[in-house]
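Peer 1: What follows is a single structure, and I will ask about it in a moment.
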Amino acid sequence: MKPSSKVLALAAFSAAIASASLPTMAADQDMEKCYGVVKAGHNDCATANSSCAGTSKSDSQSDAFVMVPEGLCDRLAGGSKTSS
């Protein structure tokens, strides 16, 4: 095997091992909506003032939410489990 082939084979093997061992957050934890903590344009779904995900107009928009692991929203400054 050429040196470059060995490097490619090692990289492919490493990538396969890493991707197989990475847990997905949604599968491991319950998620909840957290309102009022989203940066403009980074909301997860439609709001009263924006038509779809990624269209919130301002930072910390009270009706825009992002999905976070359960229990985290209560610890975020400005976070709320209900839309204002």
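The values are calculated or read from the model by the stated rules, or taken from the named source; none is laboratory data. Keep in mind it's a predicted model, so treat the numbers as computed, not measured. Heads up, the Cβs are rebuilt from the backbone with ideal geometry, glycines too, and the neighbour counts pull from every protein chain shown.
Peer 1: So which pairs qualify, if the first residue must be in the range 54-71 and among the acidic types (Asp, Glu), the second must be at pLDDT below 90, the Cβ gap must be under 6 Å, and the two must be at least 6 apart or on different chains?
Peer 2: Asp59/Lys39; Asp59/Ala40; Asp63/Thr47; Asp63/Ala48; Asp63/Ser83
Peer 1: Tell me yes or no: at least one residue of the range 42-56 is at pLDDT 85 or above and surrounded by 13 or more Cβ atoms within 10 Å (Cβ to Cβ).
Peer 2: Checked the range 42-56: no residue is at pLDDT 85 or above and surrounded by 13 or more Cβ atoms within 10 Å (Cβ to Cβ).
Peer 1: Quick check on the range 57-74: of everything there that is under 13 Å from Cys34 (Cβ atoms) and more than 16 Å from the chain's Cα centre (by Cα), which residue is surrounded by the fewest Cβ atoms within 10 Å (Cβ to Cβ)?
Peer 2: If we filter the range 57-74 for residues that are under 13 Å from Cys34 (Cβ atoms), which is where we start, we get 60-74.
After this cut, where a residue has to be more than 16 Å from the chain's Cα centre (by Cα) as well, the list is 60-63, 74.
Working: Ser60: 15, Gln61: 22, Ser62: 17, Asp63: 17, Asp74: 12.
Going through the qualifying residues, I end up with Asp74.
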